[in-house]
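The values are calculated or read from the model by the stated rules, or taken from the named source; none is laboratory data. It should be emphasised that the depicted structure is a prediction, and the values quoted were computed from it without experimental measurement. Heads up, the Cβs are rebuilt from the backbone with ideal geometry, glycines too, and the neighbour counts pull from every protein chain shown.
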Amino acid sequence: MKECKHFIDGSFTAGTSGLTFENRNPINNQVIGLVHEGKKAEIDAAVAAAKRALTGPWGKLTLAQRTEILHRVADRINERFDEFLEAECLDTGKPKSLASHIDIPRGAANFKVFADMIKNVPTEGFRLDTPDGAGAMNVGHRTPKGVIAVISPWNLPLLLMTWKVGPALACGNTVVVKPSEETPLTTTLLGEVMNECGVPPGVYNVVHGFGPDSAGAFLTEHPDVDAITFTGETRTGEIIARAASVGLRDISLECGGKNAALIFDDCDIDKAVEGTMRSAFVNCGQVCLGTERVYVQRGIYEDFKARFVEAAKGLKIGPPDDASSTMGPLISKEHQQKVLSYYQIAKDEGATVLLGGGSPVMSADMANGCWVEPTIWEGLSDDARVVREEIFGPCCHLRPFDTEDEVIALANDNPYGLATAIWTENTSRAVRVAEQIEVGIAWVNSWFLRDLRTAFGGAKQSGIGREGGVHSLEFYTELKNICIKL
Ligand SMILES: NC(=O)c1ccc[n+]([C@@H]2O[C@H](COP(=O)([O-])OP(=O)(O)OC[C@H]3O[C@@H](n4cnc5c(N)ncnc54)[C@H](O)[C@@H]3O)[C@@H](O)[C@H]2O)c1
Ligand SMILES: O=C/C=C/C=C(\O)C(=O)O
């Protein structure tokens, strides 16, 4: 049986807990390996290694040397592309066609982009007049924050983990990563790459395990962790925020969403159908930015609905290696049960099921996998649970609207505020609406179009703080003002 070990202080280790848990392949629910579970001892070792590394060779590198190493890491991910792809698809079951376009390339890009950015971001400077006439200079000086705890989810494992590790290392920090228990493989493989690229021991550490009473909780509660960056569910974010409050450690939380698409009757309907197809169903609907509420202006409602349902019928459910697969399974049996329970709730709440609503029939070798059908509903009231709660599956609810003000109110009537997609050919309307939607990210005539220099994060219960571009560099550094009296 394949074993997945922790990566602590530059070495792979089983740790001392003696505990393991199963890693299962979502396409058939078969065990693909055993993962060592880290408890307090493993977290203590990893955090100690990370703390030591801050003042070791890593801390003494010049900016040019450090960023050169991070470029090497990106290049090495690309050289070992097929291994990362294999590992990511084994853990998640997602189509290789998807992971090879998004997950793995972004895993590499997250190192390159921030390594380049850190070299070009100025710090602030202010000249102050003083009564003696000589004045003073204020100069901003940035230092690494220290040991960063990175807690990442399972939906885009390599992408979301490196989205934090890339800038954290570019800024000179060291990290301890606790990847999701569902997807340990690519985070572990990255340990090999770090060693190959000359990243000193202790700079990048990985401890596997769960949340409560396991690696996640021990890491976020560790007093030598200087800041915590988390992506995952809002409820978990709340627990982590409480842990971070002890010792006043800084946090960045990228949490859940219940994102709305706003489709106006002056949109390019082909583009709106194509974009909403992606935003609702890509990665089997397991994208925090994904659309689960689709509001369509009444004049084109029936036309959009017919085209959208027709397009969704064309999705091909299948395993990663089948080049024709456009939709994989959900991540786990547990998540499958959750999504299917919402499919039942939708029926109980009186939805009209336009497509799907259950599990597909798969061939015998994949019958026990975590498959669900792409599902489209209409006819639910605005307070239905299916319309209000994050499901995180390949499903969405369609609802007609009449006016701009009405749809803005509908979109904002939710505790989450991560992302939205607005479809209209009228640029003034697009800007007017985008400015009024309570979200961190508003896309116009697109979805998940990412420029890594931009702010990324959620409003309301979708998170705290922004990462991306200079916002990442701000989070991962401590800003000191040096005041020089002249
Ligand atoms: N806003 C974003 O950028 C973004 C991106 C991707 C996913 N998400 C959200 O993530 C969720 C799906 O991911 P998930 O199910 O893995 O989320 P999750 O909150 O269940 O788990 C995320 C991570 O937190 C760990 N964890 C759980 N309890 C913990 C605790 N008490 N202390 C410390 N760590 C703990 C888990 O082991 C895992 O590594 C969805 O809600 C989705 O919207 C948000
Ligand atoms: O599932 C959520 C996707 C988040 C994407 C990013 O954080 C990113 O593209 O940087």
Count of the stretch 451-481 residues which are part of a loop (DSSP other than H, G, I, E, B), in contact (Cβ under 8 Å) with a residue 24 or more places away in the chain and either away from ligand 1 (no atom under 16 Å from the Cβ) or under 15 Å from the mean Cα position of the chain (by Cα) (or both) = 8
Of all residues in the stretch 241-273, how many are within 14 Å of ligand 1 (Cβ to nearest atom) and without any contact (Cβ under 8 Å) to a residue 60 or more places away in the chain?
-> 6
Of the criteria (1) without any contact (Cβ under 8 Å) to a residue 12 or more places away in the chain; (2) closer than 26 Å to residue 23 by Cβ; (3) of a type outside the set (Val, Ile, Thr), which one residue 132 fails = (2)
Restricting to the stretch 222-234, what's the tally of residues that are more than 7 Å from ligand 1 (Cβ to nearest atom) and not in a strand (DSSP E or B)?
-> 5
Which pairs have Cβ atoms under 8 Å, sit 6 or more apart or on different chains, and link a residue in the stretch 382-406 that is in the same structural domain as residue 351 (by TED's automatic domain parsing) and outside any loop (DSSP other than H, G, I, E, B) to one that is of a type in the set (Asp, Glu) and surrounded by 23 or more Cβ atoms within 10 Å (Cβ to Cβ)?
-> 395/292; 396/292; 397/292
The residue from 102, 77 that alone is within 15 Å of ligand 2 (Cβ to nearest atom), on the phi < 0 side of the Ramachandran plot and either crowded, with 24+ Cβ neighbours inside 10 Å or not acidic (Asp, Glu) (or both) is 102
Leading residue by the ranking (farthest from ligand 1 (Cβ to nearest atom)) among those in the stretch 439-450 that are in a loop (DSSP other than H, G, I, E, B) and crowded, with 18+ Cβ neighbours inside 10 Å = 447
Check the stretch 153-165 and report whether any residue there is within 15 Å of ligand 2 (Cβ to nearest atom), surrounded by fewer than 24 Cβ atoms within 10 Å (Cβ to Cβ) and farther than 23 Å from residue 468 by Cα.
-> no
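Going by the conditions given, is residue 90 within 19 Å of the chain's Cα centre (by Cα) and in a helix (DSSP H, G or I)?
Taking the combined requirement at face value, the residue satisfies it.
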Given the residues 196, 124, 192, 181, which is the only one that is surrounded by fewer than 19 Cβ atoms within 10 Å (Cβ to Cβ), within 23 Å of residue 32 (Cα to Cα) and away from ligand 2 (no atom under 16 Å from the Cβ)?
-> 192
Across (1) away from ligand 1 (no atom under 16 Å from the Cβ); (2) in the same structural domain as residue 102 (by TED's automatic domain parsing), residue 431 clears everything bar (2)
Would a scan of the stretch 457-469 turn up a residue that is at positive phi and of a type in the set (D, E, K, R)?
-> yes
Failed item in (1) under 29 Å from the mean Cα position of the chain (by Cα); (2) buried (at least 16 other Cβ atoms within 10 Å of the Cβ); (3) more than 16 Å from ligand 2 (Cβ to nearest atom); (4) not hydrophobic (A, V, I, L, M, F, W, C), with residue 417 passing the rest | (3)
Pairs where the first residue, in the stretch 276-301, is within 19 Å of residue 463 (Cβ to Cβ) and modelled with pLDDT of 95 or more and the second is of a type in the set (Ser, Thr, Tyr) and more than 13 Å from ligand 1 (Cβ to nearest atom), C-beta under 9 Å, 6+ apart | 287/279; 289/279; 290/279; 291/276; 291/279; 291/420
Sort through 288, 284 and tell me the only one that's within 30 Å of residue 376 (Cα to Cα), of a type outside the set (A, V, I, L, M), within 16 Å of ligand 2 (Cβ to nearest atom) and assigned to a loop (DSSP other than H, G, I, E, B).
-> 288
Output for the stretch 383-406, where each listed residue is over 27 Å from residue 232 (Cβ atoms) and over 27 Å from the mean Cα position of the chain (by Cα) = 399, 400, 401, 402, 403, 404, 405, 406
So, of the residues in the stretch 203-221 that are surrounded by fewer than 24 Cβ atoms within 10 Å (Cβ to Cβ) and assigned to a loop (DSSP other than H, G, I, E, B), which turns out to be nearest to ligand 2 (Cβ to nearest atom)?
-> 211
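Restricting to the stretch 64-74, and then to whatever is touching a helix residue (DSSP H, G or I) at 6+ places or on another chain (Cβ under 6 Å) and in contact (Cβ under 8 Å) with a residue 60 or more places away in the chain, can you tell me which residue is surrounded by the most Cβ atoms within 10 Å (Cβ to Cβ)?
Ranking the candidates gives 73 first.
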